(Lines give C-alpha, C1' and ligand atoms only; values in the text may rest on other atoms or scores of the structure.)
Protein backbone atom coordinates (compact mmCIF):
# COMPACT_ATOMS: atom_id res chain seq x y z
CA UNK A 1 0.00 0.00 0.00
CA UNK A 2 2.89 2.38 0.68
CA UNK A 3 4.37 1.70 -2.77
CA UNK A 4 1.04 2.41 -4.46
CA UNK A 5 0.61 5.58 -2.41
CA UNK A 6 4.12 6.70 -3.43
CA UNK A 7 4.31 5.59 -7.08
CA UNK A 8 0.66 5.36 -8.15
CA UNK A 9 -1.61 2.55 -9.28
CA UNK A 10 -0.69 2.78 -13.00
CA UNK A 11 3.01 2.34 -12.24
CA UNK A 12 2.29 -0.59 -9.93
CA UNK A 13 0.07 -2.28 -12.52
CA UNK A 14 2.75 -1.90 -15.21
CA UNK A 15 5.39 -3.38 -12.92
CA UNK A 16 3.21 -6.39 -12.05
CA UNK A 17 2.52 -7.08 -15.73
CA UNK A 18 6.18 -6.71 -16.66
CA UNK A 19 7.44 -9.00 -13.92
CA UNK A 20 4.66 -11.57 -14.35
CA UNK A 21 5.01 -11.65 -18.12
CA UNK A 22 1.24 -11.43 -18.52
CA UNK A 23 -1.37 -8.74 -18.96
CA UNK A 24 -4.00 -8.14 -16.31
CA UNK A 25 -7.66 -7.94 -17.26
CA UNK A 26 -9.41 -4.59 -17.15
CA UNK A 27 -10.72 -3.67 -13.67
CA UNK A 28 -14.22 -4.88 -12.91
CA UNK A 29 -16.85 -2.73 -11.26
CA UNK A 30 -17.31 -3.25 -7.53
CA UNK A 31 -18.82 -1.49 -4.55
CA UNK A 32 -18.10 -1.89 -0.85
CA UNK A 33 -21.42 -2.19 0.98
CA UNK A 34 -20.13 -3.26 4.38
CA UNK A 35 -17.19 -4.60 6.29
CA UNK A 36 -18.87 -6.61 9.02
CA UNK A 37 -19.66 -10.30 9.37
CA UNK A 38 -22.95 -12.08 8.74
CA UNK A 39 -23.74 -13.80 12.03
CA UNK A 40 -25.59 -16.99 12.89
CA UNK A 41 -26.59 -19.60 10.30
CA UNK A 42 -25.99 -19.22 6.57
CA UNK A 43 -26.43 -21.85 3.84
CA UNK A 44 -24.19 -21.78 0.78
CA UNK A 45 -24.98 -22.79 -2.80
CA UNK A 46 -23.50 -26.26 -2.21
CA UNK A 47 -25.97 -27.01 0.56
CA UNK A 48 -23.42 -26.74 3.38
CA UNK A 49 -24.11 -24.70 6.51
CA UNK A 50 -21.91 -22.12 8.21
CA UNK A 51 -22.30 -20.56 11.65
CA UNK A 52 -20.49 -17.30 12.44
CA UNK A 53 -19.95 -16.51 16.11
CA UNK A 54 -19.56 -13.01 17.50
CA UNK A 55 -16.42 -13.11 19.67
CA UNK A 56 -16.01 -9.76 21.38
CA UNK A 57 -12.52 -8.45 20.62
CA UNK A 58 -11.49 -11.94 19.50
CA UNK A 59 -11.02 -13.31 23.02
CA UNK A 60 -11.81 -17.04 23.23
CA UNK A 61 -12.37 -17.83 26.91
CA UNK A 62 -14.89 -19.34 29.29
CA UNK A 63 -16.57 -16.41 31.04
CA UNK A 64 -19.35 -17.09 33.55
CA UNK A 65 -22.02 -19.22 31.88
CA UNK A 66 -20.80 -18.50 28.34
CA UNK A 67 -18.23 -21.28 27.95
CA UNK A 68 -16.82 -20.32 24.58
CA UNK A 69 -13.48 -22.11 24.82
CA UNK A 70 -15.00 -25.34 26.14
CA UNK A 71 -17.78 -25.17 23.57
CA UNK A 72 -15.43 -24.71 20.63
CA UNK A 73 -13.33 -27.62 21.84
CA UNK A 74 -16.43 -29.83 22.04
CA UNK A 75 -17.44 -28.78 18.53
CA UNK A 76 -13.92 -29.41 17.21
CA UNK A 77 -14.09 -32.99 18.47
CA UNK A 78 -17.07 -33.79 16.22
CA UNK A 79 -16.98 -31.19 13.44
CA UNK A 80 -15.91 -32.55 10.03
CA UNK A 81 -15.54 -29.17 8.34
CA UNK A 82 -13.39 -26.11 9.02
CA UNK A 83 -12.97 -23.25 11.48
CA UNK A 84 -12.38 -19.91 9.75
CA UNK A 85 -11.17 -16.71 11.37
CA UNK A 86 -12.77 -13.54 10.04
CA UNK A 87 -11.04 -10.16 9.58
CA UNK A 88 -13.29 -8.82 12.35
CA UNK A 89 -12.00 -11.04 15.16
CA UNK A 90 -14.87 -13.49 14.86
CA UNK A 91 -15.01 -17.17 13.97
CA UNK A 92 -17.04 -19.20 11.48
CA UNK A 93 -17.77 -22.88 11.97
CA UNK A 94 -17.81 -23.76 8.28
CA UNK A 95 -18.78 -26.56 5.92
CA UNK A 96 -21.30 -28.18 8.24
CA UNK A 97 -23.21 -30.93 6.47
CA UNK A 98 -27.02 -30.88 6.77
CA UNK A 99 -26.82 -34.15 8.70
CA UNK A 100 -24.50 -32.58 11.32
CA UNK A 101 -26.29 -29.24 11.70
CA UNK A 102 -28.54 -30.35 14.56
CA UNK A 103 -25.59 -31.71 16.54
CA UNK A 104 -23.68 -28.43 16.18
CA UNK A 105 -26.81 -26.51 17.20
CA UNK A 106 -27.10 -28.58 20.38
CA UNK A 107 -23.49 -27.86 21.32
CA UNK A 108 -23.89 -24.13 20.65
CA UNK A 109 -26.88 -24.12 22.98
CA UNK A 110 -25.30 -26.38 25.63
CA UNK A 111 -22.29 -24.11 26.07
CA UNK A 112 -24.33 -20.91 25.68
CA UNK A 113 -22.21 -19.48 22.89
CA UNK A 114 -24.99 -18.21 20.61
CA UNK A 115 -24.85 -14.51 21.43
CA UNK A 116 -25.01 -12.36 18.30
CA UNK A 117 -28.77 -11.91 18.71
CA UNK A 118 -28.28 -10.32 22.15
CA UNK A 119 -25.53 -7.86 21.16
CA UNK A 120 -26.35 -4.38 19.84
CA UNK A 121 -25.29 -3.41 16.31
CA UNK A 122 -22.70 -1.06 17.85
CA UNK A 123 -21.08 -3.90 19.78
CA UNK A 124 -21.25 -6.24 16.78
CA UNK A 125 -19.26 -3.65 14.80
CA UNK A 126 -16.64 -3.08 17.51
CA UNK A 127 -13.02 -4.20 17.57
CA UNK A 128 -10.06 -3.75 19.91
CA UNK A 129 -6.44 -4.82 19.97
CA UNK A 130 -5.14 -6.81 22.94
CA UNK A 131 -3.10 -3.90 24.41
CA UNK A 132 -2.36 -4.15 28.14
CA UNK A 133 -1.07 -6.33 29.71
CA UNK A 134 0.02 -8.44 26.72
CA UNK A 135 1.45 -5.88 24.30
CA UNK A 136 4.57 -3.98 25.33
CA UNK A 137 3.73 -1.15 22.92
CA UNK A 138 0.40 -0.30 24.55
CA UNK A 139 0.12 3.10 26.20
CA UNK A 140 -3.54 2.66 27.20
CA UNK A 141 -6.10 -0.09 27.71
CA UNK A 142 -8.04 -1.43 24.74
CA UNK A 143 -9.49 -4.97 24.83
CA UNK A 144 -10.16 -4.85 28.57
CA UNK A 145 -11.73 -1.37 28.38
CA UNK A 146 -13.71 -1.09 25.15
CA UNK A 147 -16.64 -3.31 26.30
CA UNK A 148 -17.22 -1.02 29.30
CA UNK A 149 -17.04 2.09 27.13
CA UNK A 150 -19.54 0.53 24.72
CA UNK A 151 -21.90 -0.04 27.67
CA UNK A 152 -21.95 3.75 28.15
CA UNK A 153 -22.16 4.49 24.44
CA UNK A 154 -25.11 2.13 24.15
CA UNK A 155 -26.91 4.33 26.67
CA UNK A 156 -26.10 7.40 24.58
CA UNK A 157 -27.27 5.57 21.46
CA UNK A 158 -30.54 4.63 23.16
CA UNK A 159 -31.07 8.20 24.34
CA UNK A 160 -30.63 9.37 20.75
CA UNK A 161 -32.98 6.70 19.39
CA UNK A 162 -30.19 4.84 17.62
CA UNK A 163 -30.15 1.48 19.41
CA UNK A 164 -30.81 -0.41 16.18
CA UNK A 165 -28.22 1.47 14.11
CA UNK A 166 -24.81 0.07 13.23
CA UNK A 167 -21.77 2.31 13.74
CA UNK A 168 -18.23 0.99 13.49
CA UNK A 169 -16.10 1.62 16.58
CA UNK A 170 -12.54 0.44 17.12
CA UNK A 171 -9.89 1.01 19.76
CA UNK A 172 -6.16 0.43 20.03
CA UNK A 173 -3.73 0.97 22.86
CA UNK A 174 -1.13 2.71 20.69
CA UNK A 175 -0.87 4.47 17.30
CA UNK A 176 0.11 1.28 15.44
CA UNK A 177 -3.60 0.73 14.87
CA UNK A 178 -3.77 -3.07 14.93
CA UNK A 179 -7.58 -3.03 15.21
CA UNK A 180 -7.85 -0.61 12.25
CA UNK A 181 -9.28 2.35 14.22
CA UNK A 182 -8.37 4.81 11.49
CA UNK A 183 -11.09 3.44 9.21
CA UNK A 184 -13.77 3.17 11.92
CA UNK A 185 -16.54 5.75 12.14
CA UNK A 186 -15.53 6.14 15.80
CA UNK A 187 -11.81 5.48 16.19
CA UNK A 188 -10.00 5.58 19.53
CA UNK A 189 -6.20 5.44 19.77
CA UNK A 190 -4.45 5.25 23.13
CA UNK A 191 -2.10 8.07 24.05
CA UNK A 192 -1.58 7.37 27.75
CA UNK A 193 -3.40 5.84 30.73
CA UNK A 194 -7.08 6.66 30.32
CA UNK A 195 -6.51 9.00 27.36
CA UNK A 196 -7.27 8.54 23.68
CA UNK A 197 -7.26 10.39 20.40
CA UNK A 198 -10.78 10.38 18.95
CA UNK A 199 -11.09 10.06 15.18
CA UNK A 200 -14.41 10.62 13.40
CA UNK A 201 -15.74 10.63 9.85
CA UNK A 202 -14.36 7.41 8.39
CA UNK A 203 -16.51 5.44 5.97
CA UNK A 204 -18.69 2.64 7.33
CA UNK A 205 -17.33 0.31 4.65
CA UNK A 206 -13.73 1.27 5.38
CA UNK A 207 -13.37 3.34 2.22
CA UNK A 208 -12.38 6.63 3.90
CA UNK A 209 -10.04 7.52 6.76
CA UNK A 210 -11.15 9.19 9.95
CA UNK A 211 -10.09 12.69 10.96
CA UNK A 212 -8.72 13.71 14.36
CA UNK A 213 -11.53 15.27 16.40
CA UNK A 214 -10.18 15.20 19.97
CA UNK A 215 -6.60 14.84 21.14
CA UNK A 216 -5.57 13.09 24.36
CA UNK A 217 -9.18 12.93 25.58
CA UNK A 218 -10.56 11.31 28.73
CA UNK A 219 -13.61 9.05 28.79
CA UNK A 220 -15.81 11.90 29.99
CA UNK A 221 -14.60 14.16 27.19
CA UNK A 222 -15.19 11.42 24.62
CA UNK A 223 -18.74 10.71 25.82
CA UNK A 224 -19.55 14.42 26.11
CA UNK A 225 -18.37 14.94 22.52
CA UNK A 226 -20.22 11.98 21.04
CA UNK A 227 -23.61 12.40 22.74
CA UNK A 228 -24.64 15.62 20.93
CA UNK A 229 -23.23 14.33 17.63
CA UNK A 230 -25.34 11.19 17.92
CA UNK A 231 -28.41 13.32 18.65
CA UNK A 232 -27.69 15.50 15.62
CA UNK A 233 -27.19 12.42 13.47
CA UNK A 234 -30.58 11.05 14.49
CA UNK A 235 -32.32 14.38 13.83
CA UNK A 236 -30.55 15.59 10.68
CA UNK A 237 -29.39 12.54 8.72
CA UNK A 238 -30.54 11.70 5.23
CA UNK A 239 -32.19 8.39 4.40
CA UNK A 240 -29.72 5.50 4.79
CA UNK A 241 -26.90 7.93 5.64
CA UNK A 242 -24.15 6.45 7.79
CA UNK A 243 -22.76 8.21 10.86
CA UNK A 244 -19.35 8.88 9.32
CA UNK A 245 -20.89 10.22 6.12
CA UNK A 246 -23.17 12.51 8.10
CA UNK A 247 -20.27 13.97 10.08
CA UNK A 248 -18.48 14.83 6.85
CA UNK A 249 -21.60 16.29 5.20
CA UNK A 250 -22.36 18.34 8.33
CA UNK A 251 -18.77 19.64 8.26
CA UNK A 252 -18.06 18.28 11.74
CA UNK A 253 -14.85 16.82 10.28
CA UNK A 254 -13.22 16.93 6.88
CA UNK A 255 -13.11 13.84 4.68
CA UNK A 256 -9.69 12.21 4.40
CA UNK A 257 -9.46 10.07 1.28
CA UNK A 258 -5.70 9.71 0.92
CA UNK A 259 -3.12 8.60 3.45
CA UNK A 260 -0.79 11.50 2.69
CA UNK A 261 -3.38 13.90 4.15
CA UNK A 262 -4.14 11.89 7.30
CA UNK A 263 -2.01 14.11 9.56
CA UNK A 264 -2.95 17.39 7.89
CA UNK A 265 -4.24 20.05 10.24
CA UNK A 266 -8.03 20.09 10.48
CA UNK A 267 -8.12 23.82 9.83
CA UNK A 268 -6.37 23.58 6.44
CA UNK A 269 -8.36 24.07 3.26
CA UNK A 270 -9.06 20.71 1.65
CA UNK A 271 -7.80 19.74 -1.79
CA UNK A 272 -9.99 17.86 -4.24
CA UNK A 273 -8.67 14.56 -2.88
CA UNK A 274 -10.01 15.42 0.56
CA UNK A 275 -13.31 16.95 -0.52
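Consider segment 102-124. How many of its residues are surrounded by 15 or more Cβ atoms within 10 Å (Cβ to Cβ) and either touching a residue at least 40 places away in the same chain (Cβ under 8 Å) or in contact with a helix residue (DSSP H, G or I) (Cβ under 6 Å, 6 or more places away or on another chain) (or both)?
Qualifying residue count, segment 102-124: 14.
List the number of the failed condition for residue 156; all other conditions in (1) more than 17 Å from the chain's Cα centre (by Cα); (2) touching a residue at least 24 places away in the same chain (Cβ under 8 Å); (3) in a loop (DSSP other than H, G, I, E, B) hold.
(3)
Given the conditions (1) over 27 Å from residue 176 (Cβ atoms); (2) touching a strand residue (DSSP E or B) at 6+ places or on another chain (Cβ under 9 Å), which single one is not true for residue 107?
Unmet for residue 107, out of (1) over 27 Å from residue 176 (Cβ atoms); (2) touching a strand residue (DSSP E or B) at 6+ places or on another chain (Cβ under 9 Å): (2).
Kindly indicate whether residue 198 is assigned to a helix (DSSP H, G or I) and in contact (Cβ under 8 Å) with a residue 12 or more places away in the chain. Show your work before the answer.
Numbers: assigned to a helix (DSSP H, G or I): no; in contact (Cβ under 8 Å) with a residue 12 or more places away in the chain: yes.
Answer is no for this residue.
So which strands (runs of 3 or more DSSP E) are wholly in segment 1-96 and hold at least 2 residues that are at negative phi, in contact with a helix residue (DSSP H, G or I) (Cβ under 9 Å, 6 or more places away or on another chain) and surrounded by 12 or more Cβ atoms within 10 Å (Cβ to Cβ)?
49-53, 91-96
Residues 241, 219, 236: which one is at pLDDT 95 or above, more than 23 Å from residue 88 (Cβ to Cβ) and surrounded by 12 or more Cβ atoms within 10 Å (Cβ to Cβ)?
219
Any residue at all in segment 125-146 that's in contact with a helix residue (DSSP H, G or I) (Cβ under 7 Å, 6 or more places away or on another chain), closer than 29 Å to residue 246 by Cβ, surrounded by fewer than 22 Cβ atoms within 10 Å (Cβ to Cβ) and at pLDDT 95 or above?
no
The values are calculated or read from the model by the stated rules, or taken from the named source; none is laboratory data. Not measured: the values here are computed from a predicted model. Glycine gets a Cβ as well: all are built from the backbone with ideal geometry, and neighbour counts include every protein chain shown.
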